[in-house]
Amino acid sequence: MENSVLSNGISLYVQNKFADALAFFLSLPDEAQVDNFELAYYIGLCYARLGKYDDALMYIEQVVTGGKDYQRVLQCRYLLAIIYVKSGRKRLADFELNKLLETGYKSADVLASLAYISWENKDIDKCLEYYERSLEKDSDNVTALNGMGYVLAEEGRELTRALGYCKKALNNAPQNAACLDSLGWVYYKLGLLEEAAKYLKQAEEKLPENVEIQKHLNSLAQARTNH
């Protein structure tokens with residue numbers, strides 16, 4: 001009964017219609033026969049996808065503190081950590097991610113997230129160490145491959161190696177704007193401006209308002225002017 005009540009909202013969520021899915025879940029009447037933790041889970045997911053992190057936290061925390069499904073609780077703890085990362089609460093994110101690491105949950109993803117926090121904290125060596133450990137767990141992890149390649153490029157270290165990581169990341173996720181941007185940025189760092197333009201423009205088409213991509217395109221335009 002419960003799944004059939006939620007099925008329309010879940011279908012909207014799967015179609016990436018997050019606002020519509022959220023409206024559906026929030027409009028369910030009090031008498032609907034739905035598990036409150038299941039409903040809180042989907043409402044939290046919708047808010048997170050819409051970038052409304054404080055609202056998302058309110059619902060996701062309900063699942064973490066009261067949910068009975070252990071795997072679902074771990075999933076929500078990971079989502080909590082990601083929300084903390086995205087909303088700049090790095091100390092809380094670090095705490096949640098290290099707790100998850102102890103459980104063995106999605107180790108490659110958790111390590112990649114810890115790498116990102118280290119990057120944000122400007123601890124480059126620790127960042128690269130976490131990415132290495134992530135790739136030891138899962139050599140095809142897109143986040144770790146892309147992150148490793150980008151950080152090496154940004155730091156001007158081992159650009160050929162960085163290129164290999166970014167190519168593999170894009171091969172595994174050919175529509176990913178972050179991977180397109182990173183590969184373009186490596187080519188820029190290598191001085192291959194035409195190749196850089198090809199990938200950075202594709203990244204811009206997917207995320208036209210992304211600040212980082214625009215910054216990279218501006219650097220490219222300046223380099224072409226001076227070339």
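The values are calculated or read from the model by the stated rules, or taken from the named source; none is laboratory data. Owing to the predicted nature of the structure, the values given are computational and were not obtained by experimental measurement. Cβ coordinates were reconstructed from backbone atoms using ideal geometry, including for glycine residues, and neighbour counts include every protein chain displayed. Heavy atoms of the whole protein, side chains included, go into the accessibility calculation; ligands, DNA and RNA do not. Shrake-Rupley method; radii C 1.70, N 1.55, O 1.52, S 1.80 Å.
Determine whether segment 38-51 contains at least one residue that is surrounded by 15 or more Cβ atoms within 10 Å (Cβ to Cβ), under 26 Å from the mean Cα position of the chain (by Cα), aromatic (Phe, Trp, Tyr) and more than 25 Å from TYR70 (Cα to Cα).
no
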Wholly enclosed helices (runs of 4 or more DSSP H) of segment 1-114 bearing at least 1 residues under 22 Å from GLY147 (Cα atoms): 36-49, 70-86, 90-103
Every residue from segment 85-106 that is of a type outside the set (D, E, K, R) and either farther than 26 Å from CYS127 by Cβ or open to solvent by 20 Å² or more (accessible area, probe 1.4 Å) (or both): VAL85, SER87, GLY88, LEU92, PHE95, ASN98, LEU101, THR103, GLY104, TYR105
Tell me, please, whether a residue that is surrounded by 14 or more Cβ atoms within 10 Å (Cβ to Cβ) and within 25 Å of the chain's Cα centre (by Cα) can be found in segment 27-34. no
Inter-residue pairs, beta-carbon under 9 Å, first at positive phi and in segment 46-57, second modelled with pLDDT under 90 and part of a helix (DSSP H, G or I), 6+ apart: GLY51/LYS86
When LEU114 is run through (1) under 19 Å from the mean Cα position of the chain (by Cα); (2) surrounded by 24 or more Cβ atoms within 10 Å (Cβ to Cβ); (3) within 17 Å of GLU212 (Cβ to Cβ), the failure sits at (3)
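Would you point out the residue of segment 157-207, among those that are of a type in the set (A, V, I, L, M, F, W, C) and assigned to a loop (DSSP other than H, G, I, E, B), that is surrounded by the most Cβ atoms within 10 Å (Cβ to Cβ)?
Among those that are of a type in the set (A, V, I, L, M, F, W, C) and assigned to a loop (DSSP other than H, G, I, E, B), it is ALA173.
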If ARG224 satisfies every condition in (1) free of Cβ contacts under 8 Å to residues at least 24 places away in the same chain; (2) open to solvent by 50 Å² or more (accessible area, probe 1.4 Å); (3) more than 14 Å from ASN146 (Cβ to Cβ) but one, which is the exception? (1)
Kindly indicate the residue of segment 72-81 that is surrounded by fewer than 20 Cβ atoms within 10 Å (Cβ to Cβ) and of a type in the set (A, V, I, L, M) and also nearest to ILE43 (Cα to Cα) among those meeting that condition. VAL73
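Here is a check on your reading of the model: is SER118 touching a helix residue (DSSP H, G or I) at 6+ places or on another chain (Cβ under 6 Å) and within 20 Å of TYR150 (Cβ to Cβ)?
Considered against the rule, which asks whether it is touching a helix residue (DSSP H, G or I) at 6+ places or on another chain (Cβ under 6 Å) and within 20 Å of TYR150 (Cβ to Cβ), SER118 comes out as yes.
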Output the number of the condition that GLU212 fails; it satisfies all remaining conditions of (1) over 16 Å from the mean Cα position of the chain (by Cα); (2) at pLDDT below 95; (3) part of a helix (DSSP H, G or I). (1)
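Would you pick out the residues in segment 54-71 that are in contact with a Phe, Trp or Tyr (Cβ under 9 Å, 6 or more places away or on another chain) and surrounded by fewer than 18 Cβ atoms within 10 Å (Cβ to Cβ)?
Those that are in contact with a Phe, Trp or Tyr (Cβ under 9 Å, 6 or more places away or on another chain) and surrounded by fewer than 18 Cβ atoms within 10 Å (Cβ to Cβ): ASP54, ASP55, MET58, GLY66, LYS68, ASP69, GLN71.
Is it true that ASN218 is part of a helix (DSSP H, G or I), modelled with pLDDT of 95 or more, polar (S, T, N, Q) and farther than 28 Å from LYS106 by Cα?
yes
If I ask for residues that are among the acidic types (Asp, Glu) and either open to solvent by less than 20 Å² (accessible area, probe 1.4 Å) or farther than 18 Å from ARG89 by Cβ (or both), which ones from segment 117-133 would you list?
At the first step, the residues of segment 117-133 found to be among the acidic types (Asp, Glu) are 120, 123, 125, 129, 132.
Of everything in segment 117-133, those that are among the acidic types (Asp, Glu) and either open to solvent by less than 20 Å² (accessible area, probe 1.4 Å) or farther than 18 Å from ARG89 by Cβ (or both) turn out to be ASP125, GLU129, GLU132.
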